[in-house]
1. Of everything in the range 74-89 that's exposed (fewer than 15 other Cβ atoms within 10 Å of the Cβ) and at negative phi, which residue is nearest to the chain's Cα centre (by Cα)?
2. So how many residues does the range 72-99 have that are of a type in the set (Phe, Trp, Tyr) and touching a Phe, Trp or Tyr at 6+ places or on another chain (Cβ under 6 Å)?
3. Taking the criterion of being of a type outside the set (Val, Ile, Thr), more than 12 Å from the chain's Cα centre (by Cα), surrounded by 15 or more Cβ atoms within 10 Å (Cβ to Cβ) and modelled with pLDDT of 95 or more, would at least one residue in the range 101-123 satisfy it?
4. Considering the range 46-70 alone, what residues qualify as being among the charged types (D, E, K, R) and surrounded by 21 or more Cβ atoms within 10 Å (Cβ to Cβ)?
Amino acid sequence: MSKTTLTAIALAFLGISLVFGCAGPRLKDQVGFGIWAADNDLWDEAVFRWKKVLDQDPQSVAAHNNLAVAYEKKGLWEDARKEYEAALKVAPDNPWVKLNFKNFKDNLKPEKSDKKGKAAQDENK
């Protein structure tokens, strides 16, 4: 191989290494930016950032969990449930995800019983 070919291969390898080596920190930045957005009630931005992480790393427990919380805030209950379940599939013993999912399910119970109570009241009218 010529010196030019070897140099081109080395540069290509270096470029690939840099791209994949930097992907981790960039994904962490996206998770962090999503957290900042959520802290500032910018839920659509937070959802965008966490979805971006999941596009690159579908196994990101943090992104699934945080996305579930964002969906809760937006009133998207079924989407939230799916994200909690996805997070637990990746990390079934994660205490934060387990606690958030439990709280999610507990918070839905009164809403369901309220609907049943209202339906019963409507029938009695």
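The values are calculated or read from the model by the stated rules, or taken from the named source; none is laboratory data. Model, not experiment: these values are computed from the prediction. All Cβ positions, even for glycine, are placed from backbone atoms using ideal geometry, and neighbour counts span all protein chains on display.
1. GLU85
2. Selection size over the range 72-99: 1.
3. Yes: one or more hits.
4. Matches in the range 46-70: ARG49 only.
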